[in-house]
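The next block holds one structure in the form of C-alpha cells; read it before the comments.
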Amino acid sequence: MKRYISIVAAVVIAAFTLEAQNIPDYLQKLLNAQYAVSNFYVDTVNNNKLVEDAIVGMISKLDPHSAYTDAAETKDMEEPLNGEFSGIGIQFNMKQDTLYVIQTIAGGPSEKVGILPGDRIIYVNDSTIAGVKMKNTDIMKRLRGKKGTKVTVKVKRGKSKELITFRITRDKIPLYSVDAKYMLDERTGYIRISNFGAKTYHEMMEAMDMLSGQGMKQVIIDLTDNGGGYLEAAVDMCNEFLDADQLIVYTEGRALPRSEARAMGNGRYRDLKMAIMVSQFSASASEIFTGAMQDWDRAVVVGRRTFAKGLVQRPFRFNDGSMIRLTVARYFTPSGRSIQKPYTAGDKKAYDEDIYNRYKEGEYYCVDSIQFNDTLRYTTMRNHRTIYGGGGIMPDVFVPVDTTEYSKYYRDLVAKGIVNQYCIDYVDRHRKELLKKYASVSDFDHDFSLTEKDLADFVAMGERDSVKYDENQFATSRNLLSRVMKGIIARDVFTDTSAYTIIINHDNPDLKEAMRVLNDDELYNRLLREGNPEYERIAARHRAAREAAATGK
C-alpha cells in the first residue's frame, strides 16, 4: 500500500514539475492545477468547463463590470448593439402559449409574404410551437437563422380553422434604439433613446432632421432607463451639440494613457436649446453624453442621479467565440468627474444593492435625501457653476419618482401579464374597427378610451388568474392602468413606433418638468449660469454634519 501511494505521489510530483520556458511561476501554478485536476481527479471532468470556471472565478474578484461570457452569451449580448439580426421580421407576444404577431417589420420578410398583425404562428418547420409552453428564446431560435435561409410557418388567421402556410426567406432585421420621436408642441421636439448601439447616432440625426422640418426650436432627449452601450455612439451624438475642440470625455487606466474625445465643431445643432431626462437606471454611454452636455452648460438635466457606471471594458475574444470584457480604464467627464461610483473589488452583492439602498434612503422621493459627496466639488467648463462628483450625473433639476398611482394590485396585474394579455385580446377583437374609426395615433390618442365594461372585463380576467380585485387599490391605479393599456393598444394597432410613448407621456412628471424648464427662458438660463441653489443648501448641511462629527460636537 505504501509503495502504491509512493508511486501516485511520484506521478503527481512529476506533473507539478512540468516546466515551460518563459512562463511565470504564478501562471505555471495555474497550469499545474488544471493538469492535476484533469488527470488525477476521482471523476471525469470537462476540461473546457474547468477552464471557464477558473476564468469566471478570476474575473469575479475584480470590479463589478468585468465579465466572462461563453460563445452563445456573447452573441446574444452583442446582437442588440450591432443594430440588426437575421430573422423573419415580426414583433410578437405570447397569448395562451401561442405566438401572436403584434406587427410585421416594415419591408421585412414576413410583410413581404403577407403575414398580418393578429396572425398566430402554430408550426415552424413542422414543429408545433403553440400550446406546448415553449420558451420565447426557443421560439426565437427556430425563427431566426442565417440571411437567405428559408423557414416554413403555418398560421391561423381570424376564426378560420384552416391554417395558411408561408415560406419565408430570412433577412437582416434592423434593431432600433430611437423608440419615439415626435413634436410635443409647435416648437418642442422629443426623442427617446433606449440604448446606444451601432446605428443610434444615425437614427438620432434622422429624428432631429425630421423634427426640425416640423418646426422644432428646442428638444428634449429622453435617456431615462437607458443602460448605455457603445461609447462611439455617445461621442458622435455629443459632436452635434458642442463647438470645435471641446472635450467630450476622457479615459485613463493603469496600463492605458489618457485618451480624449473632442468635438469637431461641425455639428448642426450646436445652438439648439436642450433638456435631457435621466433616471437612476441611466448608465454608461447615457452618462457620458449627459455629463458632457452638463459640463459645458449645454443642456439642463432633469430627473434623478444616474446609475454611476463609468468603467471602460475592453473585449478580449477567444477562438471559440467566448469573450472577456475586462475593465481597463475609467471614464471622466470634461470637468474631471469620475462617472463610476465607489465599489469594493470582489463584492458584487454590495454593488448591486446600491440602487436599492438609494431607494431605502429616500433618494428617489425627496431632494433632501440625496447623498451629496460635498468633498468632490467641480465646476462646469463655461459658466463655472458648481457640480458634484462621487458617482453618476446629478441632474440640475431633481424630479421625485411618482408613486401616487401605484399599488400592489397594479403590480400583480402587470407581473402576471394580465395587462398585456388583455390588450392583445382587445386588439384581436377590435383591430378592424379601430383602424376604420381612427385614422392616426393622434386621433386615437384624442378620442379613444376604455369603457366601464372594458375595465370590468379586465378585472375579471385578473380574477381568473388569481389576482383578487381590490376596490381601493383599483381606484388608486385606475388612471395609470387605463393609460398603460391605451398605449399598448395603440402600439399594437398602429405601425408608428412612437404610439405607446406618445400616450404614456401625458402624465410623465419628468417630461412635464423638462417642458417647464425649457419654456421658461429665465429659469433655463439661471440653471445653466448658477446651478440649483437647493443643492448648495443640502451640500452645506452635509458639510456641517461631517465637521461636527470630526470635532465631536
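Here are a few things to note about the model shown:
- Wholly within the stretch 449-520, helices (runs of 4 or more DSSP H) carrying at least 3 residues that are under 25 Å from LYS432 (Cβ atoms): 452-464, 471-493, 499-504
- Of all residues in the stretch 519-532, those that are modelled with pLDDT under 95 have Cβ atoms under 6 Å from Cβ atoms of residues that are part of a loop (DSSP other than H, G, I, E, B) and of a type outside the set (Phe, Trp, Tyr), 6 or more apart or on another chain, in GLU530/ARG385; GLY531/ARG385; ASN532/ASP396.
- Some residue of the stretch 173-190 being at positive phi, modelled with pLDDT under 95 and out of contact with any strand residue (DSSP E or B) (no Cβ under 9 Å at 6 or more places or on another chain): no
- Enumerated strands (runs of 3 or more DSSP E) restricted to the stretch 184-285, each holding at least 2 residues that are in the same structural domain as MET394 (by TED's automatic domain parsing) and in contact with a Cys (Cβ under 9 Å, 6 or more places away or on another chain): 247-252
- Check on ASP63, within 30 Å of PHE318 (Cβ to Cβ), at pLDDT 75 or above, in contact with a Phe, Trp or Tyr (Cβ under 9 Å, 6 or more places away or on another chain) and assigned to a loop (DSSP other than H, G, I, E, B): yes
- Residue in the stretch 164-182 that is of a type in the set (Phe, Trp, Tyr), under 24 Å from the mean Cα position of the chain (by Cα) and crowded, with 19+ Cβ neighbours inside 10 Å present: yes
- Taking the listed residues VAL427, VAL419, the one that is out of contact with any Lys or Arg (no Cβ under 8 Å at 6 or more places or on another chain), buried (at least 20 other Cβ atoms within 10 Å of the Cβ) and outside any loop (DSSP other than H, G, I, E, B) is VAL427, with no other qualifying.
- Given (1) part of a loop (DSSP other than H, G, I, E, B); (2) free of Cβ contacts under 8 Å to residues at least 60 places away in the same chain; (3) buried (at least 24 other Cβ atoms within 10 Å of the Cβ); (4) not charged (D, E, K, R), number of the condition ALA292 does not satisfy: (1)
- Within the stretch 134-146, residues that are closer than 18 Å to ILE168 by Cβ have Cβ atoms under 7 Å from residues that are among the aromatic types (Phe, Trp, Tyr) in these pairs: ARG144/PHE85, counting only partners at least 6 apart in sequence or on another chain.
- Residue list for the stretch 521-553, filter: within 34 Å of the chain's Cα centre (by Cα) and not in a helix (DSSP H, G or I): GLY531, ASN532
- Scanning the stretch 484-518 for residues that are over 21 Å from TYR406 (Cβ atoms) and without any contact (Cβ under 8 Å) to a residue 24 or more places away in the chain returns a single hit, ARG516.
- Residue match in the stretch 335-355 (condition: over 20 Å from ASN226 (Cβ atoms), exposed (fewer than 14 other Cβ atoms within 10 Å of the Cβ) and hydrophobic (A, V, I, L, M, F, W, C)): yes
- Within the stretch 118-146, restricting attention to residues that are in contact with a Ser or Thr (Cβ under 7 Å, 6 or more places away or on another chain) and assigned to a loop (DSSP other than H, G, I, E, B), the residue that is surrounded by the most Cβ atoms within 10 Å (Cβ to Cβ) is ALA130.
- Within the stretch 443-467, residues that are outside the structural domain of MET485 (by TED's automatic domain parsing) and crowded, with 17+ Cβ neighbours inside 10 Å have Cβ atoms under 7 Å from residues that are assigned to a helix (DSSP H, G or I) and aromatic (Phe, Trp, Tyr) in no pair, counting only partners at least 6 apart in sequence or on another chain.
- Looking across the stretch 310-323, the residues that are surrounded by fewer than 18 Cβ atoms within 10 Å (Cβ to Cβ) and either of a type in the set (Phe, Trp, Tyr) or more than 21 Å from the chain's Cα centre (by Cα) (or both) come down to PHE316, ARG317, PHE318, ASN319, ASP320, GLY321.
- For the stretch 430-445, residues that are assigned to a helix (DSSP H, G or I) and within 30 Å of the chain's Cα centre (by Cα) total 4.
- Test result for GLY552, at positive phi and either exposed (fewer than 12 other Cβ atoms within 10 Å of the Cβ) or not assigned by TED's automatic domain parsing to the domain that holds VAL219 (or both): yes
- Figure legend. Inter-residue proximity from the stretch 61-78: first residues not assigned by TED's automatic domain parsing to the domain that holds GLY346, second residues at pLDDT below 85 and part of a helix (DSSP H, G or I), beta-carbon distance below 8 Å, spacing 6+ or different chains. Indicated pairs: PRO64/LYS348; PRO64/TYR351; PRO64/ASP352; THR69/MET77.
- Test: residue in the stretch 524-541 that is closer than 30 Å to VAL441 by Cα and of a type in the set (A, V, I, L, M): no
- Any pair with Cβ under 6 angstrom, 6 or more apart, that starts in the stretch 368-389 at a residue that is within 20 Å of ASP354 (Cβ to Cβ) and ends at one that is small (Gly, Ala, Ser) and assigned to a loop (DSSP other than H, G, I, E, B): SER369/GLY362; ASN373/GLY390; LEU376/GLY389; LEU376/GLY390
The values are calculated or read from the model by the stated rules, or taken from the named source; none is laboratory data. Computed from a predicted model, the values in this text were never measured in an experiment. Cβ: placed from backbone, ideal geometry, glycine included. Neighbour counts: every protein chain shown.
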